[in-house]
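S.K.: Before anything else, here's the structure in question.
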Amino acid sequence: MKEHMPPKAKVGLREIAKAAHVSVATASRVLNGRGRVNAEIQKMVLAEAKKLGIDPSRRHKSRTLAFLLSNRAILHAFHSRILSGAQAQCTVRGWDLVFLSYQYSQHTPWKELQLPQVIERRDLVRGVILAGTNSVNLLELLRNRRIVFSVLGNNMLGEHTHLQNCDAVYSDDIHGGLDTAQHLLRLGHRHIWFVGNSRLPWFARFLEGYRRAMTEAGLIARESSIDSEDDTECGYLGTKSLLARKEEVTAIIAGNDQVAGGVYKALREKALSIPEDISVVGCDDTVGMWLYPALSTTREFPEQLGRSLIDAVLMRIEDPDHEPQRVTVPTEFVRRDSCGRPPHPSGKDLSPEVMLGSRTA
């Protein structure tokens, strides 16, 4: 007679908990991503589950990601377009996306941060897109909670060395600042100022590109920085300040299009024409075409940033051991009506070769 082998016992939470020397409740929290569990205990439970042939990822049937907008206005023009691109990519990939707004301080220790509860539920949310303005403490919290995420690198406060082990997506605004300044230099401008808030990372990166171009041309990079998070106010006060000091200026590079709007207002109050008296350029191409004259600007591609953030987090879900990804989305300089040749003869006489190639100019 043919012998019948007894059916293999089904491995469940009790067996995993016993092997890891934890309670069934603790094993359940680890495998379902509910509640807070010590990182070492998490590793031990997951290791024992793997030994017993249990793949925790298969317990999570959800195909939902969270878009977390940190420390920014919900209707922010740039981040709304990132969200639009992320949503479109989720639809293409067969995933859902939930939107969450989150306010926190960069000075709060990571252990004291309180995440939105739905993000703690990995049976509901499988990964997080970090947009808005973020800092290292949130990254530390997500790592310790073993929550999969990708982050918009341009808006990270603090040292960017913390992003080396993260999946990060950037807009190449450093190169954008370089392109913008070089365009003005080719027109013959020598007295080019940067206006914005250099304390904020997205302005600082654009400023870095401008500085590189000025250094390569043998010129001094100059800035009028206002410590405000109101972009229009930055542009208005920064421009009023440099005009009040009677600084020589033929062109202003605004940190973004909203800053440029403030620059326009300040110049008009002084009865200065754009671009006949002073040329103005912006960055991000969100509202530049609505200004008059139409604003020359560095076009960024926020929808593509959103798509890339989704692709990065889905790759991390599919392959947790994949090398950290660093994606850079190029920018494009768009010339409109707000910049022209400088009004001063000293600027007009200089050729593009002299402006860009001489260190003794």
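The values are calculated or read from the model by the stated rules, or taken from the named source; none is laboratory data. Model, not experiment: these values are computed from the prediction. Glycine also receives a Cβ, built like all others from the backbone with ideal geometry; neighbour counts cover every protein chain displayed.
S.K.: For the range 246-361, which helices (runs of 4 or more DSSP H) that fit wholly inside it have 3 or more residues that are surrounded by fewer than 16 Cβ atoms within 10 Å (Cβ to Cβ) and modelled with pLDDT of 95 or more?
M.R.: In the range 246-361, the matching helices (runs of 4 or more DSSP H) lie at 257-269.
S.K.: I've got another one for you. Look through the range 127-152, keep the residues that are touching a His at 6+ places or on another chain (Cβ under 7 Å) and surrounded by fewer than 23 Cβ atoms within 10 Å (Cβ to Cβ), and return whichever of them is nearest to R299 (Cα to Cα).
M.R.: G132
S.K.: Given the conditions (1) at pLDDT 95 or above; (2) over 14 Å from L305 (Cβ atoms), which single one is not true for R121?
M.R.: The one condition R121 does not meet is (1).
S.K.: Have a look at E208, E233, E229 and point out the one that is surrounded by fewer than 20 Cβ atoms within 10 Å (Cβ to Cβ) and in a loop (DSSP other than H, G, I, E, B).
M.R.: Going through E208, E233, E229 in turn, just one is surrounded by fewer than 20 Cβ atoms within 10 Å (Cβ to Cβ) and in a loop (DSSP other than H, G, I, E, B): E229.
S.K.: Right, another one. Among (1) in contact with a strand residue (DSSP E or B) (Cβ under 9 Å, 6 or more places away or on another chain); (2) in contact (Cβ under 8 Å) with a residue 40 or more places away in the chain; (3) in a loop (DSSP other than H, G, I, E, B), there is one condition G158 misses while meeting the rest; what is its number?
M.R.: Every condition holds for G158 apart from (1).
S.K.: Let me ask something else about it. Output the residue which, of all residues in the range 27-48 that are of a type in the set (V, I, T) and over 31 Å from the mean Cα position of the chain (by Cα), is modelled with the lowest pLDDT.
M.R.: Taking the candidates together, the pick is V45.
S.K.: Taking the range 81-96 as the region of interest, how many residues are of a type outside the set (V, I, T), touching a residue at least 40 places away in the same chain (Cβ under 8 Å) and either crowded, with 16+ Cβ neighbours inside 10 Å or on the phi > 0 side of the Ramachandran plot (or both)?
M.R.: Residues that pass the stated criteria total 8.
S.K.: Tell me, please, whether a residue that is within 23 Å of H79 (Cα to Cα), in contact (Cβ under 8 Å) with a residue 12 or more places away in the chain and of a type in the set (K, R) can be found in the range 202-209.
M.R.: Yes; the residues of the range 202-209 include at least one that is within 23 Å of H79 (Cα to Cα), in contact (Cβ under 8 Å) with a residue 12 or more places away in the chain and of a type in the set (K, R).
S.K.: Being modelled with pLDDT under 50 and charged (D, E, K, R) is the filter here; which residues of the range 1-26 pass it?
M.R.: Matches in the range 1-26: K2, K8.
S.K.: Quick one: count up the residues across the range 259-295 that are closer than 23 Å to E332 by Cα, touching a Lys or Arg at 6+ places or on another chain (Cβ under 8 Å) and free of Cβ contacts under 8 Å to residues at least 60 places away in the same chain.
M.R.: 6
Table: residues versus (1) of a type in the set (S, T, Y); (2) outside any loop (DSSP other than H, G, I, E, B); (3) assigned by TED's automatic domain parsing to the domain that holds V45.
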residue: L97; (1), (2), (3): no, yes, no
residue: Y104; (1), (2), (3): yes, no, no
residue: H107; (1), (2), (3): no, no, no
residue: V118; (1), (2), (3): no, yes, no
residue: A131; (1), (2), (3): no, yes, no
residue: N137; (1), (2), (3): no, yes, no
residue: L142; (1), (2), (3): no, yes, no
residue: I147; (1), (2), (3): no, no, no
residue: V151; (1), (2), (3): no, yes, no
